[in-house]
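The next block holds one structure in the form of structure tokens; read it before the comments.
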Amino acid sequence: MRLFFIGWVGKDIGLTEVVSMLKKEHTIVYWSGDGKEFELLRPEFPGTVFHDHYDALYGIPANGVDVSAFEPPSHELLLKLLETESTVLTMMNKRFESVLVSERKHQYYTHVRYWYGVLTTLKPEAIIFPSAPHSVYDYVIYGLAKLLSIRCILFELTVVGARSLVMRDFVDGNSALLGDRAVEKKKPIEIRDLPEDIRRYYEWQMNADTSHSPLYMRKQFKKYAGSKKFLIKFRSVWATLIVHKDWRALAKVFTHIPRRFMRNMKTEYTSVETPADFAKTFIYVPLSFQPERTSCPQGGIFADQVLMLEILSASVPADCLIYVKEHPTEWLHRSLDFFSYRYRGYYEAIAKLKNVRLLPLTTDTYALIEKATAVATVTGTAGWETLLRSKPVLVFGYPWYQHAPGLLKVESVETCKNALGKIASGFSPSSGEILSYLGNLGKRSFLGYCEPHGKEVTDIGAKVNADTLVRVIETELQK
């Protein structure tokens, strides 16, 4: 079978070995990833087109690809890809924040021209991504692949240890888990029936005496502690200016110190925050960190989280408050400057919404989950932790747990009001339903990972991980 591997990076976690093993039975037509890794791999893959990830991101064609015959995209083609275009223009906030909309659109058209030419010329039978595509060019490939009916395979690392799911489309998720819902109530299971790793995770989450903060969150705070944050920022600036020659970033470098004393995200937030009153009826909304794939593309239109809050504000009863709290690492990764996802006036606009209150970051998340009528989120982990505690969740995006019991999908004021009506009538997941879902998760997921974080939460080595991924991919290809 003719395969594309897109954004497939990670020799130290076994991803390179995966491609080498699959080469024995399949033709590796195209591979985008780490240019440095490719230098050693070229002799092993004489017929493969290698494309450095950053060259692809910036629209630089791969060596050996003749683009002279690739025609500019037609009006008809672009109309069919309007949803892809909208998502990509938002996705560009991460790497192309200073690029104006008209220039972004033309960059997008350039990507469509190149990848439509590549896909129709090289004719892959399947395209394999390590996760939901979220690096501009890979999302263009994903949109075109769906249009051209080319099979996609992508992975999602859950927060349940090193459990991962495989899927064809992140909007649909792992459809087998949805099918399992019909039999969950007929086959109740006990905690002891769960796979050992899932049982340990569940017992840890249910233990009131332990901290349930995910490992990746704790590592983020440690990673950005003290002087480490300065080194990370320095490397980022070096890559932007020297490697990618994006000189537009110079303005931020030279004005960094004076901007520290000006109005910023933190000062605006604290100016409108109010303490939580736990005696009130409320829905808890933890904001998602941005930019990140969990909101774009997996949040769909609700990458705009203000839109989510506007729908909630227009839907809740008069006596119900909406408690909103910023993601604890949102101000950690970058400076406190306003930016495309947290623009000037962002928090003020939220605070002005009817029944909406912004809470101090120090407010305990698990106390909010415990006291809330429900939790609302785009795709956040807090939603999953709420379900584990047998409380309902309003979800606006497409999280890995989207087929779990107790989850109510919201897309509009109408669907939000319907969901709130169900909750008012007593809708909530039982502990038995959650255990059944966890049991089915054990059957439908696998112990392995396609991203570095997975290596940190398990003792599964690169070789075992590669063997597992090859087996999963082969199974998907044979379906």
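The values are calculated or read from the model by the stated rules, or taken from the named source; none is laboratory data. In this text the structure is predicted, and so the values were computed from the model without any measurement. Counting neighbours? That spans all protein chains shown, and the Cβs are built from the backbone with ideal geometry, glycine included. Keep in mind that these areas ignore ligands, DNA and RNA; they rest on the heavy atoms of the full protein, side chains included. Shrake-Rupley method; radii C 1.70, N 1.55, O 1.52, S 1.80 Å.
Summary of computed values
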quantity: Residues that are in a loop (DSSP other than H, G, I, E, B) and not acidic (D, E), drawn from segment 89-116; calculated: M92, N93, K94, R95, F96, S98, V99, L100
quantity: Residue among V464, V410, V470 that is among the aliphatic types (A, V, I, L, M) and in contact with a Cys (Cβ under 6 Å, 6 or more places away or on another chain); calculated: V410
quantity: Unmet requirement for T377, which otherwise passes all of (1) within 19 Å of G299 (Cα to Cα); (2) open to solvent by 40 Å² or more (accessible area, probe 1.4 Å); (3) among the polar types (S, T, N, Q); (4) touching a residue at least 40 places away in the same chain (Cβ under 8 Å); calculated: (2)
quantity: Residue satisfying condition, being of a type in the set (D, E), modelled with pLDDT of 95 or more and closer than 27 Å to L447 by Cα, within set E71, E76, E37, E25; calculated: E25
quantity: Per-region count, segment 142-159, residues free of Cβ contacts under 8 Å to residues at least 24 places away in the same chain and of a type in the set (S, T, N, Q); calculated: 1
quantity: Which numbered condition E310 misses (of (1) closer than 21 Å to Y201 by Cα; (2) outside any loop (DSSP other than H, G, I, E, B)); calculated: (1)
quantity: Conditions (1) surrounded by 19 or more Cβ atoms within 10 Å (Cβ to Cβ); (2) under 21 Å from the mean Cα position of the chain (by Cα); (3) part of a helix (DSSP H, G or I); number of the one not met by S86; calculated: (1)
quantity: Where L408 falls short, out of the listed (1) out of contact with any Leu (no Cβ under 6 Å at 6 or more places or on another chain); (2) surrounded by fewer than 22 Cβ atoms within 10 Å (Cβ to Cβ); calculated: (1)
quantity: Residue list for segment 42-68, restricted to those being open to solvent by less than 70 Å² (accessible area, probe 1.4 Å), of a type outside the set (A, V, I, L, M) and in contact (Cβ under 8 Å) with a residue 60 or more places away in the chain; calculated: H53, G59
quantity: Selection from segment 350-368 of residues that are outside any strand (DSSP E or B) and open to solvent by less than 40 Å² (accessible area, probe 1.4 Å); calculated: I350, A351, L353, N355, L359, P360, T363, T365, A367, L368
quantity: Residue within segment 117-129 that is free of Cβ contacts under 8 Å to residues at least 24 places away in the same chain, of a type outside the set (S, T, N, Q) and assigned to a helix (DSSP H, G or I) present; calculated: no
quantity: Output for segment 130-158, where each listed residue is part of a loop (DSSP other than H, G, I, E, B) and under 13 Å from the mean Cα position of the chain (by Cα); calculated: P130, S131, A132, P133, H134, S135, T158
quantity: Out of P297, P286, P317, sole residue that is open to solvent by less than 10 Å² (accessible area, probe 1.4 Å) and of a type outside the set (A, V, I, L, M); calculated: P297
quantity: Lone unmet requirement of (1) in contact with a Lys or Arg (Cβ under 7 Å, 6 or more places away or on another chain); (2) open to solvent by 20 Å² or more (accessible area, probe 1.4 Å); (3) under 22 Å from L469 (Cα atoms); (4) not small (G, A, S) for D172; calculated: (1)
quantity: Members of segment 100-130 found to be open to solvent by less than 10 Å² (accessible area, probe 1.4 Å) and among the β-branched types (V, I, T), listed by number; calculated: V112, V118, I127, I128
quantity: Qualifying positions in segment 3-41 - crowded, with 20+ Cβ neighbours inside 10 Å, assigned to a strand (DSSP E or B) and of a type in the set (S, T, N, Q); calculated: S32
quantity: Flag if L100 is modelled with pLDDT of 95 or more and touching a helix residue (DSSP H, G or I) at 6+ places or on another chain (Cβ under 6 Å); calculated: no
quantity: Residues located in segment 69-82, provided they are open to solvent by less than 80 Å² (accessible area, probe 1.4 Å) and not aliphatic (A, V, I, L, M); calculated: F70, P73, S74
quantity: Residue selected from segment 327-370 under the condition closer than 15 Å to L287 by Cα and of a type in the set (F, W, Y), by the criterion nearest to the chain's Cα centre (by Cα); calculated: Y341
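Listed here are the residues, each with its yes/no results for (1) at pLDDT below 95; (2) under 16 Å from P130 (Cβ atoms); (3) part of a loop (DSSP other than H, G, I, E, B).
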{"position": "T415", "(1), (2), (3)": "no, no, no"}
{"position": "N418", "(1), (2), (3)": "no, no, no"}
{"position": "G421", "(1), (2), (3)": "no, no, no"}
{"position": "S428", "(1), (2), (3)": "no, no, yes"}
{"position": "E433", "(1), (2), (3)": "yes, no, no"}
{"position": "L438", "(1), (2), (3)": "no, no, no"}
{"position": "L441", "(1), (2), (3)": "no, no, no"}
{"position": "N465", "(1), (2), (3)": "no, yes, no"}
{"position": "V472", "(1), (2), (3)": "no, yes, no"}
